[in-house]
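Accompanying notes for the structure given below.
The values are calculated or read from the model by the stated rules, or taken from the named source; none is laboratory data. Values in this document were obtained by computation on a predicted structure and should not be read as measured data. Cβ placement follows ideal geometry from the backbone for every residue including glycine, while neighbour counts extend to all protein chains displayed.
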Amino acid sequence: MRRPPKEEPQEELTTSAPEDWATGVPAVAHALEYSLEQTTVPRVATTLLTMNQVDGIDCPGCAWADPSPGHRHRNEYCENGAKHINDEATSRRITADFFRSHPVSDLAQRSDLWLNQQGRLTEPMVKRAGSDHYEPISWHEAFGLMASELTSLDSPDEAVFYTSGRASNEAAFVLQLLARVFGTNNLPDCSNMCHESSGFALHETLGTGKGTVSLHDIHHADLIFLVGQNPGTNHPRQLSALEQAKLNGARVIAVNTLPEAGLLRFKNPQKPRGVVGRGVEIADQFLHIRSGGDLALFQGLNRMLLEEEDARPGTVLDHDFIRSHTSGFEEFSRHARTIAWEDVLTATGLTRQEIETTRDEVLRSKRVVVCWAMGITQQKHGVPTIREIVNFLLLRGNLGRAGTGASPVRGHSNVQGDRTMGVWEQMPDSFLDALRQEFGFEPPRAHGLDSVRAIRAMREGGIKFFLSLAGNFVTAAPDSTVTEEAMRRCRLTAHISTKLNRSHAICGETALILPTLGRTERDIQTSGEQFVTVENSMSEVHTSYGRLKPASKLLLSEVAILCRLARRALDGKADIPWNRFEEDYGAIRHRISHIIPGFHDFNRRVARPGGIRLPNPVNEGVFATATGKAHFTRNAWQMSRAPEGHLVLQTLRSHDQWNTIPYTRNDRYRGIQGSRRVVLVNPQDIAELDLADGQAVDLVSVWSDDVERRAGGFVVVPYPTTRGCAAAYYPETQVLVPLDSVADISNQPTSKGIVVRLEPVEAKTGSAHAAEDGAVR
Ligand SMILES: Nc1nc2c(c(=O)[nH]1)N[C@H]1C(S)=C(S)[C@@H](COP(=O)(O)OP(=O)(O)OC[C@H]3O[C@@H](n4cnc5c(=O)[nH]c(N)nc54)[C@H](O)[C@@H]3O)O[C@H]1N2
Ligand SMILES: Nc1nc2c(c(=O)[nH]1)N[C@H]1C(S)=C(S)[C@@H](COP(=O)(O)OP(=O)(O)OC[C@H]3O[C@@H](n4cnc5c(=O)[nH]c(N)nc54)[C@H](O)[C@@H]3O)O[C@H]1N2
Ligand code: SF4
Ligand SMILES: [Mo]
């Protein structure tokens, strides 16, 4: 049973009606408020004025693309980007004293919100076996500890190397090289929990795991679908792109279980009109869908398009495109024609008229883009749903032309780049061959462990060494109780981190905190000042230059930490110039240019304003599948409904958090203040389940094993979510997501489709923290 952490200041939950518009003046004020709480005016000015500029700091927030260099605004960032960057630039510091007064057992009781607010990590620390305290350690000794643990393993596969998508290309490349020279492909990453379903579905159908869309395509589309995505909070500058598209005449269809603020209306704070005016209507049609209903929606839509073509032959489908560029059309269309309308309507909760309206929008549009995110990928049928979206695009040739395409909107600022650099447990032989050719060692070929499989292996005692490059694995991963036990079974855990989080507290027998430079900070190595590179959601690779004085003299860069570890642990294993890599990141990029397609002449090309746009074969009319064609697929599905008295819970982000790290307990657009332990439920469901507004409940998830997964101390808030579908914040609900509840094919945790029941807690209503009785979270 998880309860709220006990030390947190009690705040009263207050709720108000959800907003129906995003950004504008309050957004700017909120960004500055959080930033100035964290640090000084000059530091805020430096971060904000250089953020997303050509020679500046890449926003450490999401992976949305910047406009091309000549078209950037002086303030090319959003409210949340400002919060994310100043959360890193904070003036607060954690010193050795802090760890003296906070034993590990105390830190383990704290929330990630509290841990993050303590400030930046400033010196390497160790928790030795049997001790309950972190104490200072020299870098030299820290590398020695890791090296001796690595060299004492029975097999390289007893080590796991996790990466979160904030790491730079250079650091990611060095990390995967280190792991593979050491002899393992155990390279789980946050992407396993994020867009893994997109990667699998797109690879299979289009021959590329990446999106095909540029900002130009968004601006010039006739019709844009936003499916399972909350741009107002999670990709705020996407709203500026959508505004531009709408000014150019585009229509927008939003598909969501919640009427999110940014999907409805948007006031652009970068334009005077946005500050004073009414803003722009974003969605022309809002499809208030049931959780997991998107596969049925796109299948229904595809069937309608096939039937329209029957009625008006030659006017609906792009026959030339289908004939010359695709395979599997006949089988797909036979199957699509057999789906039952009542199943589609039950699965989606929509009416046939609504889907017909959508069809008519599609028929009027020559250029269609589909964007999606976690509402799709974190569902059991995430992969077939995305395949069906591809079917939809293929039918009318909406791929490879300007203003069309598939856009999995990525989360972390460099999550896509880390994959390009080889951080994946299943990199293809072509990549491994290129590594061998370049560095003269034989990389392991057997697939490594992804995030879910790594936890299983840890639980079984098969993993002794866990190194994390950024991120907060313990909180990000599902089934907290299982994951925490698994982590504690490791002999050594080490985290390369900027800030304190729960993964430092729930650790192995011996644990290391390896504090590192953030992206905002100047990175000086012996060859001079360094920059790093990142790749956004639209495959643009560009530079990021740190601007601030580092948080402490004892910090090392991520690249330096990894290169020094490699020198100590892999001595003589391959002829790799780790020293040179650390001195000059250009030497890393030079090697990357030999290995990774699209990166030729990397150093010179990336230095140009705006950087490099990696070619996407689809946009050159090439489908890199086995047949050289795009594949139509046939996607069967079973209707899954929550049993009587249960709801389907999605675990999602508030407006005031970065993934596992809440900044405050507020969620402005949804009208929630003072508490995150709320469960949003449709008022009719509240009545039917005999609950009440403000009622205290425990959330209990239902899964095929006998384990009880319970999150305590929640308050019911009436909210216009689809019937039968509840919502509550991640990571507080992480304990409810069973480790084995994963998406078919991609093995991604199903964080958006958890069957739960709400158990009333007697006589405890009102505040989210009222159910507190001293137990840990
Ligand atoms: N401020 C901020 N920005 C972020 C992040 C952050 O934590 N904070 N995280 C970053 C990361 S790593 C990522 S991956 C992205 C995530 O970006 P999003 O995917 O937008 O994130 P979520 O909050 O998980 O929201 C999922 C959305 O899908 C909807 N949804 C849920 N289930 C369904 C369904 O079955 N069908 C449909 N059609 N919709 C559904 C939800 O109502 C919600 O609007 O954001 C990135 N940007
Ligand atoms: N239930 C549920 N679970 C989910 C999700 C969900 O929607 N619901 N979403 C999933 C998704 S989409 C994702 S991407 C994962 C996120 O999983 P992660 O990427 O592992 O988690 P973050 O919260 O982004 O990691 C924050 C930590 O990163 C470190 N950090 C920040 N910046 C830097 C840096 O520049 N360098 C280094 N070395 N460290 C840095 C800080 O120490 C900070 O505490 O969670 C997944 N888990
Ligand atoms: S949209 Fe994303 S990348 Fe752009 S400023 Fe906001 S958080 Fe940063
Ligand atoms: Mo993500």
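The conditions of being within 30 Å of S152 (Cα to Cα), away from ligand 1 (no atom under 15 Å from the Cβ), acidic (D, E) and assigned to a helix (DSSP H, G or I) are not met by E204.
Looking at L399, L393, just one residue is closer than 30 Å to A254 by Cα, away from ligand 4 (no atom under 16 Å from the Cβ) and without any contact (Cβ under 8 Å) to a residue 40 or more places away in the chain, and that residue is L393. Beta carbons closer than 8 Å, at least 6 apart along the sequence or on distinct chains, pair a first residue in region 147-176 that is in contact (Cβ under 8 Å) with a residue 24 or more places away in the chain with a second that is within 16 Å of ligand 3 (Cβ to nearest atom) and of a type in the set (K, R) for G165/R410; R166/R519; S168/R519.
Could you check, for region 488-495, whether at least one of its residues is out of contact with any Lys or Arg (no Cβ under 6 Å at 6 or more places or on another chain), among the hydrophobic types (A, V, I, L, M, F, W, C) and free of Cβ contacts under 8 Å to residues at least 24 places away in the same chain? For region 488-495, residues out of contact with any Lys or Arg (no Cβ under 6 Å at 6 or more places or on another chain), among the hydrophobic types (A, V, I, L, M, F, W, C) and free of Cβ contacts under 8 Å to residues at least 24 places away in the same chain: absent. Comparison of F161, F173 shows that the only residue that is crowded, with 24+ Cβ neighbours inside 10 Å, more than 16 Å from ligand 1 (Cβ to nearest atom), assigned by TED's automatic domain parsing to the domain that holds P515 and not in a helix (DSSP H, G or I) is F161. Number of residues in region 733-757 that are farther than 11 Å from P478 by Cα and either part of a loop (DSSP other than H, G, I, E, B) or within 12 Å of ligand 1 (Cβ to nearest atom) (or both): the value is 8.
The residues listed here are E331, E307; of these, the one that is touching a residue at least 60 places away in the same chain (Cβ under 8 Å), surrounded by fewer than 16 Cβ atoms within 10 Å (Cβ to Cβ) and either part of a helix (DSSP H, G or I) or aromatic (F, W, Y) (or both) is E331. The C-beta contact set for region 206-221 (first residue touching a residue at least 40 places away in the same chain (Cβ under 8 Å) and at positive phi, second residue of a type outside the set (S, T, Y) and assigned to a helix (DSSP H, G or I), distance under 8 angstrom, 6+ apart or interchain) comprises G207/P617; G207/V618. Could you tell me whether any residue of region 410-433 is within 16 Å of ligand 3 (Cβ to nearest atom) and among the aliphatic types (A, V, I, L, M)? Yes, that holds for at least one residue.
Restricting attention to region 224-236, the residues that are more than 14 Å from ligand 4 (Cβ to nearest atom) and farther than 24 Å from S365 by Cα add up to 2. Considering only region 346-358, state which residues are crowded, with 19+ Cβ neighbours inside 10 Å and out of contact with any Cys (no Cβ under 9 Å at 6 or more places or on another chain). Residues satisfying the conditions are A347, T348, L350, I355, T358. Checked against (1) among the aliphatic types (A, V, I, L, M); (2) in contact with an Asp or Glu (Cβ under 9 Å, 6 or more places away or on another chain); (3) within 21 Å of W578 (Cα to Cα), A142 meets all criteria but (2).
Against the list (1) more than 30 Å from H335 (Cα to Cα); (2) over 21 Å from the mean Cα position of the chain (by Cα), the condition A630 fails is (1). Comparison of Q238, Q229, Q244 shows that the only residue that is within 16 Å of ligand 3 (Cβ to nearest atom) and out of contact with any strand residue (DSSP E or B) (no Cβ under 8 Å at 6 or more places or on another chain) is Q244. Of all the listed residues (V252, V213, V181), the sole one being part of a helix (DSSP H, G or I) and out of contact with any Pro (no Cβ under 6 Å at 6 or more places or on another chain) is V181. Against the list (1) modelled with pLDDT of 90 or more; (2) under 26 Å from S164 (Cβ atoms); (3) of a type outside the set (A, V, I, L, M), the condition C78 fails is (1).
Those helices (runs of 4 or more DSSP H) of region 26-121 in which at least 1 residues are farther than 23 Å from R522 by Cα, within 16 Å of ligand 1 (Cβ to nearest atom) and out of contact with any Leu (no Cβ under 7 Å at 6 or more places or on another chain), considering only elements entirely within it, cover 79-88, 112-117.
Within region 611-623, is there a residue that is surrounded by fewer than 18 Cβ atoms within 10 Å (Cβ to Cβ) and under 27 Å from the mean Cα position of the chain (by Cα)? Yes, region 611-623 contains at least one residue that is surrounded by fewer than 18 Cβ atoms within 10 Å (Cβ to Cβ) and under 27 Å from the mean Cα position of the chain (by Cα).
Scanning region 234-259 for residues that are within 8 Å of ligand 1 (Cβ to nearest atom) and at pLDDT below 95 yields a count of 1.
Whether a residue is away from ligand 4 (no atom under 16 Å from the Cβ) and within 18 Å of A728 (Cβ to Cβ) was assessed, and Q657 does not pass this test.
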